Every structure is written in structure tokens, then in C-alpha cells.
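For reference, the structure discussed in these notes is given below.
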Amino acid sequence: EPGSPTSLRAITNAVLLSNRIEDNARVHLKRTRVVHELFETEESYYHDLQLLNDVFYHPMRTMFEDHHSQICDLFQNIDELVDLHQRFFSELENRLEEWNITTTIGDCFLNEYDFTVYEQYLNGYTLALQTYYELIKIDPIRKWIKIQEHKKICRHLPLDSFLVLPIQRLPRYVMFLRELSKYDVSEDENSHIESAIGCLELLLNFLNESKRRKELAEGSKSPHTLKKVYVPKVSKSLSHH
């Protein structure tokens with residue numbers, strides 16, 4: 001009967017349900033935007049790692065065999081990073097293909113991806129830059145690098161702008177995960193995201209300490225650490241959601 005307590009309860013419950021559905025849809029939309037940006041930046045990063053490997057590292061080893069040791073110092077363990085991110089990008093791609101309101105993303109960072117392979121690259125980055133400036137003083141190498149840089153695939157960017165990319169990547173994952181942690185999805189996903197943030201922050205601390213020890217052992221006076229120097233700014237699209 002209209003106006004009865006039972007009727008009012010039914011209307012109230014319907015309104016609450018409608019509001020809950022709208023709230024869930026808004027959360028899903030905001031979360032989807034963050035995940036899309038994570039995926040797009042990962043795709044770009046993976047392709048740039050491939051570029052470093054295929055356009056610079058391997059051809060350079062073939063072209064300038066007399067400088068093999070310096071070229072290895074320049075690119076460190078880029079092969080391992082390419083392999084890691086080929087697998088990681090593939091998993092993100094699979095998640096996005098089946099993306100819906102219940103799809104999780106935090107557990108991707110907790111699967112069998114060994115991000116500690118970054119230790120060699122990060123510890124060797126100072127040496128890599130020193131080697132880069134030594135190599136471009138050699139006329140044939142400098143000219144060859146310039147030719148590669150002007151290829152369309154390189155977007156006319158200098159080699160050192162690609163070399164710095166792995167230094168910036170891990171802190172960006174923390175940034176994306178912190179943004180995702182604002183949206184309550186499920187107990188499992190919330191737990192995955194918090195665990196992933198914790199694991200990556202521990203890894204960053206470990207890498208900073210490893211870099212500090214290496215610099216002390218080599219007598220370096222550089223006070224820089226990864227987090228102080230390389231934590232990227234939040235993009236405009238993320239900061240508004």
C-alpha cells in the first residue's frame with residue numbers, strides 16, 4: 001500500500017542501491033583511467049627499451065668491436081630489462097583485455113617479476129653516462145650515434161634521453177599504485193595494492209642503499225639517490241582524478 005512503512009523501505013532501499021551503483025561506476029571509471037595510463041606508459045617504456053637494445057646496443061657492439069667493454073658499460077644489463085618488461089607488459093595487456101569492475105591489477109606487481117634486476121642498471125648509471133661522454137668524443141662513434149638518433153623510430157631524441165628511462169620507471173609504479181589505492185574495489189585488491197607499494201618502496205630503499213655503498217666504495221662524492229633525484233611528477237591527467 002502506498003505510504004506504508006514497507007513501501008517507504010522499498011523506495012529507500014531502491015534509492016540506496018541506485019546510489020551505490022552510481023558510486024561504483026564512478027570509482028570504476030576513475031580507476032580505469034589510471035590503469036589505462038599505467039598501461040600506455042608501460043607500452044611506451046617497453047618499446048623504448050627495445051629501441052635501446054635493437055637500434056643502439058646490439059648494432060653498436062657489431063659496428064665497434066674494439067670498444068666492446070665500453071659499450072657494455074654504457075648499456076649495462078639492458079637485455080634483462082627488455083625481457084622483464086616484455087613479460088610484465090604482456091600481463092598488463094591481458095588484464096586490460098578482460099577489464100571490468102572486478103578485475104585486479106595490484107597482484108601483477110606481486111607475481112614472478114624480479115625487479116631487482118634494476119640493481120645493476122642503476123648502480124652502473126653514473127659509469128654509463130661517463131662512458132657515453134667518452135664515446136661521443138670518438139668521431140666515428142659520435143657520427144654513428146647521430147645517424148641512429150635521427151631515425152624516425154628514435155623521434156630525433158638523443159641516446160642519453162633513452163638511457164635515463166629505467167632510472168625513472170620504478171618510482172612511477174609507486175605513483176600509479178598510490179593513485180589506485182584511493183579507490184576501494186575489494187578487500188583482495190586493496191591488499192594487493194598496499195603490498196605492492198610496500199614491496200616497491202622496500203626495493204627502492206634497497207637500490208638507493210646499494211647505490212650509496214657502491215659510490216662510497218668507489219670514492220664518489222655524489223649525494224644523489226634515486227628517490228630524491230628521479231621521482232617523477234604526477235601527470236595532469238592523474239592529478240585531476
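What follows draws every value from the coordinates through simple rules; no lab data is involved. Only a predicted model underlies this, so the values are computations on that prediction, with no experimental measurement involved. So basically every Cβ, Gly included, is an ideal-geometry build from the backbone, and we count neighbours across all protein chains shown.
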> Between Glu218 and Arg26, what is the label-to-label distance in nm when each label sits 7 Å out along the Cα-to-Cβ direction?
Replying inline: 5.1
> Which FRET efficiency value, to the nearest 0.05, do you get for Asn94 and His156 by plugging their Cβ-Cβ distance into 1/(1 + (r/R0)^6) with R0 = 30 Å?
Replying inline: 0.35
> Could you give the length gained on full extension between His58 and Asn205, defined as 0.36 nm per residue of separation minus the Cα-Cα distance, in nm?
Replying inline: 49.7 nm
>> Taking 51 Å as R0, compute the FRET efficiency from the Cβ-Cβ separation of Thr103 and Lys143 and round it to 0.05.
In response: 0.55
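Would you mind getting me the FRET efficiency between Asp79 and Glu187? Use the beta-carbon distance for r and R0 = 51 Å, nearest 0.05.
The pair Asp79/Glu187 has a calculated efficiency of 0.85.
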